Amino acid sequence: MNTKIIYFISFYDSELAKKLSELIDEYIRRAFDYEIIMRELSFQETKSAVYENIQDAMEKIIATRQELTVLGARTLSAFQWVVLFSLALLVILSLYGLRTGEPFFDIVTVLISSSVVLVLLLIRDLDLYIWNEKTFGYDIFENVLRAVGKLPYYPEESIKKGRIRPAEKEYRVGICLDYPSCLTRRIETRTN
């Protein structure tokens, strides 16, 4: 969102800018809490086609959130890491054991060993793909909230599950009041 818009509106009409700021804040919090909107929507027989379009759009939002959840989850178990490290160690020890003492083979051994270590580091980074969820799922909203003069907002569940770790000094958390439906939330300001 262009921060100039908020600036110009606040210059033109400060009350309207405050109202717009509140509306944008509510909109973004609802984007995180999309299920609240859907649960409040009742089916109307005369508008069933429109209701189906809304359902389709909500399913796309849910699918996108689920994809972010999958990207944010660790995919390799401890056993799989042990297997990867064992294989890497086996390859590296074999290379050092087969050296003949010639400089060419020493260089090749070091290069292949370094490549194996770099591949393990790459796999680790891919396994810890959580940074991507923050980039695509939260940063956009954080920037908009800052532009309208609000603190960043995170659902409490995302923080508890480790999907997001707020880096800001001060931020807001939406706490579910009626678990598991979470139709209402209390907004609480927290500091790091």
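Read the figures in this text as sums done on the coordinates, not as results from a lab. Since this is a predicted model, take the numbers as computed values, not measurements. Quick reminder, even Gly has a Cβ in these numbers, built from the backbone with ideal geometry, and neighbours come from all protein chains shown.
The Cα-based radius of gyration and maximum Cα-Cα distance (Dmax) for region 78-127 are 12.4, 38 Å. Applying 1/(1 + (r/R0)^6) with R0 = 35 Å to the Cβ-Cβ distance of residue 57 and residue 160, what FRET efficiency is obtained, to the nearest 0.05? Using R0 = 35 Å, I get an efficiency of 0.80.
If I take R0 = 30 Å and measure r between the Cβ atoms of residue 44 and residue 184 in this structure, what FRET efficiency does the formula 1/(1 + (r/R0)^6) give, to the nearest 0.05? E(calc), rounded to 0.05, equals 0.80.
Here r is the Cβ-Cβ distance between residue 90 and residue 126 and R0 is 22 Å; the resulting FRET efficiency, rounded to 0.05, is 0.50.
Extension gain, residue 168-residue 76: 0.36 nm per intervening residue step, less the Cα-Cα distance, totals 30.2 nm.
Derived scalar couplings between HN and Hα for region 13-29 equal 8, 5, 5, 5, 5, 5, 4, 4, 4, 5, 5, 5, 4, 4, 4, 5, 4 Hz in order, rounded to whole Hz, by the Karplus curve 6.51 cos²θ - 1.76 cosθ + 1.60 (θ = phi - 60°), x for Gly and Pro.
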